[in-house]
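The values are calculated or read from the model by the stated rules, or taken from the named source; none is laboratory data. As the structure is a computational prediction, the values presented were derived from the model and not from experiment. Heads up, the Cβs are rebuilt from the backbone with ideal geometry, glycines too, and the neighbour counts pull from every protein chain shown. Ligands, DNA and RNA are stripped out before the accessible areas are found, and what is left, the full protein with its side chains, is counted by its heavy atoms. Shrake-Rupley method; radii C 1.70, N 1.55, O 1.52, S 1.80 Å.
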Amino acid sequence: MLAMCTVTSATGCGSDDINSAPAASIAEFEQRLESLRASSHIAAITAVISNGQQIVWVKAYGIADLTTQRAAADTTVYHLASLTKPFAGTVLLQLVEEGKVSLDDPVSMYGINLPGPAGTVIRVRHLLSHTSEGVPGTNYSYNGDRFGLLDAVIAQAAGKPLDAALQERILTPVGLHRTAPNPQSPSFAVSGLDKATFEGNMARGYSYSGEYHLTAYPTSFGAAAGLTASALDVASFSMAMDRNALLRPETKSLAYTPVVSPSGQVFPYGLGWFSTGYRGARIIWHYGLWVANSSLIVKVPDRGLTFVVLANSDALSAAYKLGDGKLETSPWARLFLDTFVIGSLALPPSR
C-alpha cells in the first residue's frame, strides 16, 4: 500500500491534498476530475450528478479504447464490480417485502453451509451486511465472496436465477437499456441485447505500469460483482431508489441504516449499501474494485444528490480504504462532497 500511495499521492492517499478544498466553479470541478484521472493513470472515466429526479451534469474523460482511440462518452458502458451489490441487495429486499424470504432465515435453508462458532446461526441479514464472520452479527468484515452466496437465496426465493430476477425487477421496469450482466458470462443472454453492439460500446480494461496495458476483465456475474452499466444508468437506478420505485420507504430506510452490533458498535454498512457520515452529512454509498475496473456511487439522501463515477482500471478505488467504510479516503468522493454538499457551489440546471 505504501508504494501505491507514493505513486498516487496526488490523488489523495493523504487528507490534506488540494482536493480537500471545494471547487469554486463547475469548470474547476471538471478540471480537478480530469487531474485525478490523469494522475491516477485511468484511461477513461464517465461521471454523472443527479439532483432530485434530474441528471444535471455528465461528463466523460479520456479514451475508452486506446487501440482505436475511441473516446469515452456519456453512454459508455463499464464494469461495476462490487457496485453490483446494491442492485442484487435491492432484488433480495423486494423478495423480503413479498414474504418470500426473511432476513432472519438461516442461510442453511438455502443450501449455504458456512462454518461458525458452536451454537451460532448465520442468517440472510448477516451475508447482506457483511457481518457473517466470527460470531454472526458482532463483527463487520467486507467480504464479496460471502455476499455472493446470496445468489442461492435469491434464486430459491424468486424461483429464477439472479440474472433473470434482476432483469425482470429492476433493469426492465426502470428502463436501464445500457445495463446487463457481464457480456462474457452466460447471464448476458437474459438482457435480450445484441452482444456485439453492447461490447462495442464498452470501455476496454487497462492496468498501468509506466504505460497502459490492455487487461482482460473478469468473466463472471453474481450478486457480489459482474454487472456492467453506463454511469447514466447507474444514476437512473439511484433516482428510482429515491422515488421509492423499487422498495417501500421503510425497506429502503432499513437498507440505508448502518448495522449495530449487540454491544452497540455501529458498523459502516447497512443492507447492500455503505452508510456513513461525512462532515455532518449522512452519506449512502458503494464502491467497486476488480481487475481493470472500479466504480463509485455517492448518495446524499437529505439533499437528493447522487454522484457516480465509473472507470476502466482499478485506480478509482484501489488506493483507498473503502472496504473499511472510509469514504473520506477517496479524493473523488471528497471533491464532490466538499464542493456541492459541504460547500455551496450551485449545481447546473437540468440537462
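Please state the shape class of segment 306-351: rounded when a/c is under 1.5, otherwise prolate if a/b exceeds b/c and oblate if not, all from the C-alpha gyration tensor. It comes out oblate by the Cα gyration axes. In a DSSP loop and with at most 10 other Cβ atoms within 10 Å, the GluC sites (Glu not before Pro) in segment 146-245 are E211. Which of K59/K195; K160/K321; K195/K321; K85/K160; K299/K321; K195/K326 have a Cα-Cα distance over 28 Å? Beyond 28 Å between Cα atoms: K160/K321; K195/K321; K195/K326.
Under 15 Å of direct C-alpha separation, and excluding same-chain neighbours fewer than eight residues apart, K252 reaches these aspartates and glutamates: E97, E98, D242, D302. Relative to the current alpha-carbon distance between A281 and S102, full extension at 0.36 nm per residue lengthens the span by 61.3 nm.
Full extension of the chain between S253 and Y142 yields a length gain of 37.9 nm, computed as 0.36 nm times the residue separation minus the alpha carbon distance.
Based on protein heavy atoms only, the chain ends up with 38 Å² per residue of surface accessible to a 1.4 Å probe. Computed over protein heavy atoms with a 1.4 angstrom probe, the accessible surface ordering of D104, D163, largest first, is D104, D163. For segment 68-118, with only Lys/Arg (+1) and Asp/Glu (-1) charged at the beta-carbon, what is the dipole magnitude about the Cα centre, in debye rounded to 20? Approximately 280 debye in magnitude.
For segment 54-139, GluC sites (Glu not before Pro) are listed when DSSP marks them as loop and at most 16 other Cβ atoms sit within 10 Å of their Cβ; the list is E98. Ellipticity at 222 nm from helices only: DSSP H runs of n ≥ 4 in the chain, each -39500 (n - 2.57), divided by the residue count, give -7000 deg cm²/dmol. Using a ≥ b ≥ c from the Cα gyration tensor of segment 205-268 (square roots of the eigenvalues), is it rounded, prolate or oblate, where a/c under 1.5 gives rounded and otherwise the larger of a/b and b/c decides, a/b for prolate? It is oblate, given that a/c is not under 1.5 and a/b is not larger than b/c. Taking square-rooted eigenvalues a ≥ b ≥ c of the alpha carbon gyration tensor, is segment 193-304 rounded, prolate or oblate, where a/c under 1.5 means rounded and, failing that, a/b exceeding b/c means prolate? It is prolate, given that a/c is not under 1.5 and a/b is the larger ratio.
Any chance you could give the angle, 0 to 90 degrees and rounded to 10, that helix 26-39 forms with the longest Cα principal axis of the chain? Roughly 80 degrees, rounded to the nearest 10. Using a probe of 1.4 Å, the accessible surface attributed to S238 totals some 0 Å² when neighbouring protein chains are kept in position. Sorting 48-59, 321-332 by average packing, meaning the other beta carbons within 10 Å per residue, from highest down gives 321-332, 48-59. Can you tell which of S207, S132, S253 shows the greatest fluctuation in a Gaussian network model of the chain with Cα springs below 10 Å? Of S207, S132, S253, the Gaussian network model singles out S253 as fluctuating most. Across segment 202-351, the relative contact order, built from alpha-carbon pairs under 8 Å that are at least six residues apart, equals 17 percent. For the chain, relative contact order (Cα pairs under 8 Å, six or more residues apart, normalised by length) works out to 26 percent. Pairs of alpha carbons in segment 56-203 separated by more than 27 Å make up 35% of all such pairs. Just checking the listed ones, A196, A164, A245: in the Gaussian network model of the chain with Cα springs under 10 Å, the one fluctuating most is A196.
Site pair V291 and D194 shows an inter-label distance of 2.9 nm when each label is modelled 7 Å from Cα along Cα→Cβ. Per-residue packing, averaged as other Cβ atoms within 10 Å, sorts the ranges 143-151, 111-119, 288-296 into the order 288-296, 143-151, 111-119, beginning with the highest. Using the Cβ-Cβ distance between A118 and K326 with R0 = 35 Å, the FRET efficiency computed as 1/(1 + (r/R0)^6) comes to roughly 0.55. Carbon and sulfur together cover what percent of the accessible area of segment 193-327 at a 1.4 Å probe radius? Here it works out to 51 percent.
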